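Structure first, commentary second.
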């Protein structure tokens, strides 16, 4: 039987950078590929609490606007014989959002959708970013998708 793991969350940050809406990508130090924020749920955290913590740890971004992306990243890890299902979030940032990387990443870029699609190595990342762009940039996100923060 293949194990199913749902202990990880992910999130994409959007910000207006120099007047143009862009997605934040970071280069993983260990693996060397471009990605968005992701990490494990710790202790009694909810998924949305985990992504807020992960954004603070990985980018220094204080999350003030959080949305359920209504998207699950999914992939099979053959070396661990497990299927990952990862709930995803969108963080709306202030214009020209500053980023302060932790040691998990070597660099970051604010990218247009096309630039992001050209940088990422996995088909699911491309699908995720296209989904985000369609439902959060081309259209205004539904109020029902916003997570009310305490």
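For (1) exposed (fewer than 15 other Cβ atoms within 10 Å of the Cβ); (2) part of a loop (DSSP other than H, G, I, E, B), each residue gets a yes or a no:
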| residue | (1), (2) |
| --- | --- |
| 39 | no, no |
| 53 | no, no |
| 58 | no, no |
| 73 | no, no |
| 97 | no, yes |
| 100 | yes, yes |
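Summed over the stretch 1-37, residues that are in contact with a helix residue (DSSP H, G or I) (Cβ under 9 Å, 6 or more places away or on another chain), under 19 Å from residue 62 (Cβ atoms) and assigned to a strand (DSSP E or B) total 11.
Out of (1) touching a strand residue (DSSP E or B) at 6+ places or on another chain (Cβ under 8 Å); (2) modelled with pLDDT of 95 or more, what's the single condition that is false for residue 77? If we test residue 77 against (1) touching a strand residue (DSSP E or B) at 6+ places or on another chain (Cβ under 8 Å); (2) modelled with pLDDT of 95 or more, just (2) comes out false. Looking only at residues in the stretch 103-118 that are part of a helix (DSSP H, G or I) and more than 15 Å from the chain's Cα centre (by Cα), the one that is surrounded by the most Cβ atoms within 10 Å (Cβ to Cβ) is 115. Inspection of the stretch 9-16 finds a residue satisfying the criterion of being at pLDDT 95 or above and farther than 23 Å from residue 138 by Cβ.
Being in contact (Cβ under 8 Å) with a residue 24 or more places away in the chain, farther than 18 Å from residue 9 by Cα and loosely packed, with under 15 Cβ neighbours inside 10 Å is the filter here; which residues of the stretch 120-136 pass it? 121 - this is the single residue of the stretch 120-136 that is in contact (Cβ under 8 Å) with a residue 24 or more places away in the chain, farther than 18 Å from residue 9 by Cα and loosely packed, with under 15 Cβ neighbours inside 10 Å. Take the conditions (1) under 20 Å from residue 136 (Cβ atoms); (2) more than 13 Å from the chain's Cα centre (by Cα); residue 47 misses just one of them, which is (2). Of all residues in the stretch 40-60, those that are under 15 Å from residue 6 (Cβ atoms) have Cβ atoms under 7 Å from Cβ atoms of residues that are modelled with pLDDT of 95 or more and loosely packed, with under 13 Cβ neighbours inside 10 Å, 6 or more apart or on another chain, in 50/42. For the stretch 124-135, state whether one or more residues are farther than 17 Å from residue 26 by Cα, modelled with pLDDT under 95, touching a helix residue (DSSP H, G or I) at 6+ places or on another chain (Cβ under 7 Å) and not in a loop (DSSP other than H, G, I, E, B). The answer is no, given that none of the residues of the stretch 124-135 is farther than 17 Å from residue 26 by Cα, modelled with pLDDT under 95, touching a helix residue (DSSP H, G or I) at 6+ places or on another chain (Cβ under 7 Å) and not in a loop (DSSP other than H, G, I, E, B).
The values are calculated or read from the model by the stated rules, or taken from the named source; none is laboratory data. Owing to the predicted nature of the structure, the values given are computational and were not obtained by experimental measurement. So basically every Cβ, Gly included, is an ideal-geometry build from the backbone, and we count neighbours across all protein chains shown.
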